[in-house]
1. Hey, could you check the stretch 287-327 for residues that are over 30 Å from H205 (Cβ atoms) and free of Cβ contacts under 8 Å to residues at least 40 places away in the same chain and say which is least open to solvent (accessible area, probe 1.4 Å)?
2. Scan the stretch 220-247 residue by residue and report those that are at pLDDT below 85 and open to solvent by 40 Å² or more (accessible area, probe 1.4 Å).
3. Look at the stretch 37-72 and say how many of its residues are at pLDDT below 50 and of a type in the set (F, W, Y).
4. Within the stretch 255-286, work out how many residues are in a helix (DSSP H, G or I) and open to solvent by 30 Å² or more (accessible area, probe 1.4 Å).
5. Working only within the stretch 342-366, note down all residues that are hydrophobic (A, V, I, L, M, F, W, C) and surrounded by 19 or more Cβ atoms within 10 Å (Cβ to Cβ).
6. Within the stretch 79-96, does at least one residue satisfy the condition of being of a type in the set (V, I, T), assigned to a loop (DSSP other than H, G, I, E, B) and farther than 25 Å from R231 by Cα?
7. Inside the stretch 115-141, can you point out the residues that are closer than 21 Å to D241 by Cα and at pLDDT below 90?
Amino acid sequence: MNAYLRFFSGSLVAILFLGAALNFTLDPSGYFRNQGFHPGTFLGDRVWSDDRMAHDLSIDSHRPDTLIAGNSRVKHGFAVNDRRLVEQLGEILSLGLPGARFDELNRYIRIVLEDHAVRHLVIGLDLGQFLRGNGLAGNPPPGHWLDSGGSFPGAPIPLKKLATALWSKSTFLASVKVILRPHNTTLNGASNTDTKLTKLEASGHRLVTQKLEARMAKVYSSYDLAVYFDRLAVFDALLADTCLKNTDVRLFISPLHVRQLLLIRETGHLGLFFSWKAQLAEMVAQHQGNGCRVTLTDFSAISRYTSEPFPELGDKQYRMQWYWESSHYNHKMGQMVIERLWGNSDSDDGFGKNPSADNIAGWLEEERNRLNSLIRNQPILVREISDLIR
């Protein structure tokens, strides 16, 4: 019996890896099938399984009317094929990269803007983009191979780019992962809603968010302040260059659930978070003074949307209105973000403020007062978040 089980499990693993190897050989990283050159192997059509690899290979082929860039909050927060968004913004490319640093986003944004004038550039800003780590995420690292040169026979992709991108273990692992978890992410960077719903059906909002917050607590605690001002300089230079192109730039600070705000506070970065907002407001004001088409809207403030209560642990039926879990807002909130970005005025309910160099000090003081009130009125929640740091 044991010998039979070993033979069966060994054969299953061998078949799995043989299929992955064949899939990798015939169509590395799924590039050609995503572009319609192949109908697919016996494993079927698939979509990207590695976000950065997808953009490294194909970002310069996109010609969107609107580019929405940011980290995983952008990825999970916008349904870029939503008819209302397409009618309003035209063809949309969602450049949402999990854990994205701002120098990564800057690199991809510049590739899109280099030979193409987008109507709107929308950037979801997050403090972590300016603090997290010093090297770029993903494998392989960027380099001259992102430039054009050397055509691959029958496909509009530089040979150098393809060869270098595929010379990495991440490509093979992505090929294996596609078999185990197909349709993980789409070419335009948007998330698969079914994957999120499956997790919620299995665990519920509360358990999913507790697991994520345990990881986020480590991320917040490991912020690297040494790179902060370098990233701000990269951001400032990008705004200056988009100003020269007369691009309509709409910046927004991503909606944060109050649980995430408390995590930032418990890790000792609340003062930096507020200072970062003030620096962004000052920087945007300077570019506006130079005639640039740029706005800044803050959706991270405490409001009835960002304070949405979570269901009890074990409740797998209830679905939150605005959030997948405390770090990522859903498509309904993403739609409201777009509507208020184009509203060009402060909201009456506190969700979507337009900070400026003149009003930012008073606005941040209001935020401190609201946070202090929340801390006094919800000691159990504060204790729950504090326990994650220990």
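The values are calculated or read from the model by the stated rules, or taken from the named source; none is laboratory data. Keep in mind the model is a prediction, meaning the values are calculated, not measured. Virtual Cβ from ideal backbone geometry, glycine too; neighbours counted across all protein chains shown. What goes into the accessible areas is simple: the full protein's heavy atoms, side chains included, and nothing from ligands, DNA or RNA. Shrake-Rupley method; radii C 1.70, N 1.55, O 1.52, S 1.80 Å.
1. If we take residues in the stretch 287-327 being over 30 Å from H205 (Cβ atoms) and free of Cβ contacts under 8 Å to residues at least 40 places away in the same chain, then G289 is least open to solvent (accessible area, probe 1.4 Å).
2. S221, S222, D224, L225, A226
3. 2
4. 11
5. F351, I360, W363, L364
6. The answer is yes; a qualifying residue exists.
7. Residues satisfying the conditions are D115, H116, A117.
Yes/no matrix, rows are residues, columns are (1) closer than 20 Å to Y220 by Cβ; (2) basic (K, R); (3) open to solvent by less than 10 Å² (accessible area, probe 1.4 Å); (4) at pLDDT 90 or above:
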position	(1), (2), (3), (4)
L93	no, no, yes, no
L97	yes, no, yes, no
L105	yes, no, yes, yes
I111	no, no, no, yes
